[in-house]
2 protein chains.
Amino acid sequence: MERKPLLFLSNDDGVEAKGLKELIRCLRSVGDLIVVAPDAHRSGYSASITSDIPLRCEKVDEQEGLVIYKCSGTPVDCVKLGLHVLSPRTPDMVIGGINHGDNSSVNVHYSGTMGVVIEGCLKRIPSVGFSLCDHNPDADFSPALPYVRRITEEVLVRGLPEGTCLNVNFPALSVYKGVKICHQNRGEWVKEFVDSRHPHGGRYYWLTGEYETLEGETEKSDYWALKKGFVAITPTRTDMTDYTVMDEMEHWNLNV
Amino acid sequence: MERKPLLFLSNDDGVEAKGLKELIRCLRSVGDLIVVAPDAHRSGYSASITSDIPLRCEKVDEQEGLVIYKCSGTPVDCVKLGLHVLSPRTPDMVIGGINHGDNSSVNVHYSGTMGVVIEGCLKRIPSVGFSLCDHNPDADFSPALPYVRRITEEVLVRGLPEGTCLNVNFPALSVYKGVKICHQNRGEWVKEFVDSRHPHGGRYYWLTGEYETLEGETEKSDYWALKKGFVAITPTRTDMTDYTVMDEMEHWNLNV
């Protein structure tokens, strides 16, 4: 009998998040699951790591084909600890999500869920992040689940090139128009702070903001695909080198 | 009289770090400086952001051509707050560092200093991160300073393409062999945990590790340039899209 694939799951909304529970439910029939998730929400933690305090982890559930750990660290800590210490073998995939909120466009840089995925990719394991553009803790993930399963099965069969992972975002809709393979939208966050005065004095600031695209309407950006009701899949590289600029810079005067 | 350039400085080692103080000292004659740095060390914070608690900031020094704030948030929070709230105008450059420790190769993903730089780049400001491969709080930055100044002056004159920033790393040497324009080394961290048992019971884990390159020796990787005693400059893109894989994926079966 062929061994079932082993899928490693984590997220940044924490072990109790609905998005993770739905992901587990959706993928149990696809493979054996090992889940190592933060013990509370770590949204916006990017690829941060913890080196100045020790990490703790604890097994919180174990069933046939499923084991769940919670960990005191960041999403990337969970992946590192999971792969190095907890997993019985190298998983066939690393999967992040399902995130409560949009990780398309420049958000890939801030996302703890994509931190999970980038870490899996750096460890040369095919890695995919799933995010639903709905921050609601009780968001409805059901329209996304058939796509989560299909994309996971397809990656298990085809693999991914080393150094490339997938950032998959679902619009907050009950029906999608299909799937688009996209590039990361060029855009920026503006109006990022609301300030207020503390009753005991002093000013404080809440990070918030509005996202503005800097691109015209094109079917090929994740931002526009989501706007138009498509599932957006953005192939994402961990090698951030700008090879074009490398050549140009050879002519710079950098001698001292 | 021409207005002096305005340089925005931040780091992840905190406002009191020697690397930041040396950076300020080195660049005061190049332009007016606004410094917004974390109030304590935020090493390994990547591009993380704080949205669930409010941010505080405080002016800690003001002199002719120099103002310094400390901020309660992450390195990226410092940049966002600095650019949106504190800076008198859009700075001509965003500069991160000088970091105590190596941010070359895959470390770009974990680095709070490079978080600063990526954020500046996303805000369409020419942005450069400087790091010295020496974690010592009292590291000797003096060999790096002429290069920091030269690279900053060159970027002020030439600019950088939108979406591309520079990740500059200095070897821990007293003399360098020169400058190499590099690509991000392909490699991975291994042996990442040391575990121990708490006196009151339970196991805990320290994140540590050894970096292993997966590339043969080539002058073009930042890892090898540093090994050979060169200053390594890696042009780094904020658009992480893998455009090659985009085309290949058009043939995948992703319908449900």
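The values are calculated or read from the model by the stated rules, or taken from the named source; none is laboratory data. Everything quoted here is computed from the prediction, not taken from an experiment. In this analysis, Cβ positions are derived from the backbone assuming ideal geometry, glycine residues included, and neighbour counts consider all displayed protein chains. Heavy atoms of the whole protein, side chains included, go into the accessibility calculation; ligands, DNA and RNA do not. Shrake-Rupley method; radii C 1.70, N 1.55, O 1.52, S 1.80 Å.
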Principal axis box of the protein assembly as shown, alpha-carbon based, largest edge first, Å: 73, 51, 43
Stretch gain in nm, segment B:ARG28-B:TRP252, where the contour uses 0.36 nm per residue and the Cα spacing is subtracted: 75.2 nm
Computed accessible area, A:THR213, all protein chains, 1.4 angstrom probe, square angstrom: 40 Å²
Solvent exposure ordering (accessible area, 1.4 Å, most first) of B:LYS123, B:LYS59: B:LYS59, B:LYS123
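Measuring with a 1.4 Å probe in the full set of protein chains, what accessible area per residue, in whole Å², belongs to the protein assembly as shown?
Per-residue value: 40 Å².
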Cut-off 19 Å (backbone N to label point 7 Å along Cα→Cβ of B:LYS227), residues of the stretch B:172-213: B:172-173, B:176-191, B:209-213
Chain A: most fluctuating residue of A:SER43, A:SER196, A:SER142 per GNM, C-alpha cutoff 10 Å: A:SER196
Accessible area of A:GLU219 in the full protein assembly, 1.4 Å probe (Å², nearest 10): 100 Å²
Peptide-level mean, for B:214-222, of C-beta atoms on other protein chains within 10 Å: 1
Nearest-first distances (nm) between copies at B:GLU248, label 7 Å from Cα via Cβ: 2.8
Max mean-square fluctuation residue, GNM over chain B, Cα-Cα springs under 10 Å, options B:PHE170, B:PHE230, B:PHE193: B:PHE193
Rounded percent of accessible protein surface that carbon and sulfur make up, the protein assembly as shown, 1.4 Å probe: 48 percent
Spatial separation of Cα centroids for the stretch B:175-246 and the stretch B:63-130, in angstrom: 21 Å
Other-copy label distances relative to B:GLU153, 7 angstrom Cα-Cβ extension, nm: 6.3
222 nm mean residue ellipticity, helices alone, for chain B (DSSP H n ≥ 4; -39,500 (n - 2.57); rounded to 500): -6000 deg cm²/dmol
Interface area, B with A, accessible, probe 1.4 Å, both sides summed, Å² nearest 100: 7800 Å²
Whole-Hz couplings from phi, Karplus 6.51/-1.76/1.60, listed for the stretch B:80-96; x for Gly and Pro: 4, 5, x, 6, 7, 10, 9, 6, x, 7, 5, x, 7, 8, 10, 10, x
Inter-site label distance for A:VAL190 and B:ARG158 at 7 Å from Cα along Cβ, in nm: 3.1 nm
